[in-house]
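Asks: Sharing a structure, written as structure tokens. Questions coming.
The values are calculated or read from the model by the stated rules, or taken from the named source; none is laboratory data. Note that the structure is a prediction, hence the values are computed from the model and not measured. Here the Cβ positions follow ideal geometry from the backbone for every residue, glycine too, while neighbour counts run over all protein chains shown. Remember, those area values only see protein heavy atoms, side chains included, never the ligands or the DNA or RNA. Shrake-Rupley method; radii C 1.70, N 1.55, O 1.52, S 1.80 Å.
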Amino acid sequence: MGKPSGRRIVVAVVAVLAVAAAAAVVLRVLAPAEVETVARGAYPATPTPPVGVIGRLPVAPLVVDGRLRVYAGARQVYADQPVSGKHRVTPFWSYRRWPAKLVGVLAEGTTVVSRWSDGKLVALDARTGRVAWRADGPAPGAVPKPRRTYAATVWDPAGLHVTRAADGRTVLIAAGPGAVGGYALTDGRRLWRAEVGRGCRADVGTTAAGELVGVDSCAGPAAVEFRDAATGAVRTRWRPPDAPDQLVVTPVGCRDGRSACRGLRTSGRGDETGRGWLVGAAEPVAAPALDGPDAELDGERAVGTAGGVVTGRSARTGEELWRRADLGPVRILAVEPGRVHLLTEGRDLVTLDPVTGAERSRFVMDIGRDGTGWQPGRAHAADGYVAVERLRERARPDDDDQGWFLMAEPVLLAAT
């Protein structure tokens, strides 16, 4: 055979290069990837916005350190600033992973922890957006697909909690089907890991006394399990008096999400009343002022809204400390240390001091010409800021996002 012509050689080389380029594209698209876009500007100062509605947002903000708003996406966690900005703006920093999906975000001080569908835990420095540490955590299992605001991801992350241990260390807890682990928040070092039953145990949250709370029915009737956050050792198992077989435990009085909680409410499945308890280093103590779903906890003060009257009571004794009968029917939207945020039927946001019942601020939760024809969805409060989802008045849980949310920017952010 004769030698190939120059033209045929060129065609062959071009074909080889094309295949190589295509392979490179496939590798770039399909290979696991991590993109860290750090902040280019200085860490913002703490603003002092005027009291009232600040703006509306398309996604739910997690207020971090009183300076940033952190958001979630399918495969991204990102921040913008200032926290008092009227709209969402170009990210201050951003962190992406692929192909894993983001399933939870938690903030403690200036550390933002992200949890991913492959079990990876990635901590970011909120001041710069740089990765502070990475750790392998338990696989989170199936997590319901979040609605488009990602409120559940940033305000109630499944199986992700933080607490301060008895020795002063801040411990991150990650729980999933079959396993739970504790990590030092400062550097991500794993402190312990425990294998737990699958399908018969669920984590509830952490206590302010440095323990992980779970409900375990693997070896008998359902009981509340208290596990030391620093060591993973089970301190005690406890069943409320006359507890039903299908025990439901709801944390109350939490500093953020389901972390550092000071109380619990126990009930049976389908039971809307429940019994309140204070939790600490010893066995839970009955807190009659927390009985029922219309009461929340700040320290050891319970704020209730039964019968259109707002009352502050001692959680331990039920003694009434103050009463407000001038607000009409209200619901507790959110609670943070030193503030209880109420929403009236007219969509006024009323913030009270839980110690005295004194009004700290009051204004209509409205902006522009949006109006007040909506019902509240999920809500979040931190550093005096309150964010709430606005749902259509006739929204049903099985509606799609368009039928569920009031508009394209359904989240209102306010300063109290």
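Asks: Out of GLY292, GLY318, report the one residue that is more than 25 Å from LEU62 (Cβ to Cβ) and under 24 Å from the mean Cα position of the chain (by Cα).
Replies: Sole residue among the options that is more than 25 Å from LEU62 (Cβ to Cβ) and under 24 Å from the mean Cα position of the chain (by Cα): GLY292.
Asks: Could you say whether any residue in segment 114-128 is modelled with pLDDT under 95, part of a loop (DSSP other than H, G, I, E, B), touching a strand residue (DSSP E or B) at 6+ places or on another chain (Cβ under 9 Å) and open to solvent by 50 Å² or more (accessible area, probe 1.4 Å)?
Replies: The answer is no; no qualifying residue exists.
Asks: A further question follows. Return yes or no: is GLY373 part of a loop (DSSP other than H, G, I, E, B) and under 24 Å from the mean Cα position of the chain (by Cα)?
Replies: When the stated conditions are applied, GLY373 does not pass them.
Asks: Count, please, the residues in segment 173-200 that happen to be surrounded by fewer than 19 Cβ atoms within 10 Å (Cβ to Cβ) and part of a strand (DSSP E or B).
Replies: Looking only at that region, the number is 8.
Asks: Sticking with this one: If TYR95 satisfies every condition in (1) touching a helix residue (DSSP H, G or I) at 6+ places or on another chain (Cβ under 8 Å); (2) open to solvent by less than 10 Å² (accessible area, probe 1.4 Å) but one, which is the exception?
Replies: (1)
Asks: Something else about it: Is it true that VAL279 is crowded, with 21+ Cβ neighbours inside 10 Å, in contact (Cβ under 8 Å) with a residue 24 or more places away in the chain and β-branched (Val, Ile, Thr)?
Replies: So VAL279 passes the test.
Asks: Give the residue that is least open to solvent (accessible area, probe 1.4 Å), with candidates limited to residues of segment 44-81 that are basic (Lys, Arg) and part of a strand (DSSP E or B).
Replies: It comes out as ARG69.
Asks: Could I ask something else about it? Please state which one of GLU409, GLU389 is charged (D, E, K, R), crowded, with 16+ Cβ neighbours inside 10 Å, in a loop (DSSP other than H, G, I, E, B) and in contact (Cβ under 8 Å) with a residue 40 or more places away in the chain. Even if it seems obvious, please write down each step before you answer.
Replies: Details: GLU389 fails: in a loop (DSSP other than H, G, I, E, B).
Sole residue among the options that is charged (D, E, K, R), crowded, with 16+ Cβ neighbours inside 10 Å, in a loop (DSSP other than H, G, I, E, B) and in contact (Cβ under 8 Å) with a residue 40 or more places away in the chain: GLU409.
Asks: The conditions are (1) open to solvent by less than 40 Å² (accessible area, probe 1.4 Å); (2) charged (D, E, K, R); (3) in contact (Cβ under 8 Å) with a residue 24 or more places away in the chain, and ASP383 fails exactly one of them. Which is it?
Replies: Failing condition for ASP383: (1).
Asks: Also: How do the pairs read when you match residues in segment 297-319 that are in contact (Cβ under 8 Å) with a residue 12 or more places away in the chain and open to solvent by less than 20 Å² (accessible area, probe 1.4 Å) with residues anywhere that are in a strand (DSSP E or B) and among the acidic types (Asp, Glu), using Cβ under 6 Å and keeping only pairs 6 or more apart or on different chains?
Replies: Cβ pairs passing all conditions: VAL303/GLU296; THR311/GLU320.
Asks: Run HIS161 past the list (1) part of a strand (DSSP E or B); (2) of a type outside the set (A, V, I, L, M, F, W, C); (3) closer than 19 Å to ARG255 by Cβ; (4) more than 18 Å from the chain's Cα centre (by Cα) and report the number of the one that doesn't hold.
Replies: Condition (4) is where HIS161 drops out.
Asks: While we're looking at this one, here's another question. Here are the criteria: (1) in a loop (DSSP other than H, G, I, E, B); (2) within 17 Å of the chain's Cα centre (by Cα). Tell me which single one VAL154 does not satisfy.
Replies: Evaluating VAL154 over (1) in a loop (DSSP other than H, G, I, E, B); (2) within 17 Å of the chain's Cα centre (by Cα) leaves (1) as the failure.
Asks: Every residue in segment 143-161 that is surrounded by fewer than 24 Cβ atoms within 10 Å (Cβ to Cβ), under 16 Å from PRO397 (Cβ atoms) and of a type in the set (Gly, Ala, Ser), please.
Replies: Selection gives ALA152 alone.
Asks: Condition first: of a type in the set (Asp, Glu), open to solvent by 80 Å² or more (accessible area, probe 1.4 Å) and either more than 26 Å from THR311 (Cα to Cα) or not in a loop (DSSP other than H, G, I, E, B) (or both). Can you find one or more residues in segment 361-368 that meet it?
Replies: No, because not a single residue in segment 361-368 is of a type in the set (Asp, Glu), open to solvent by 80 Å² or more (accessible area, probe 1.4 Å) and either more than 26 Å from THR311 (Cα to Cα) or not in a loop (DSSP other than H, G, I, E, B) (or both).
Asks: Same structure, new question: Quick one: which residue in GLY232, GLY292 is at positive phi, modelled with pLDDT under 95, in a loop (DSSP other than H, G, I, E, B) and surrounded by 15 or more Cβ atoms within 10 Å (Cβ to Cβ)?
Replies: Exactly one residue qualifies, and that residue is GLY292.
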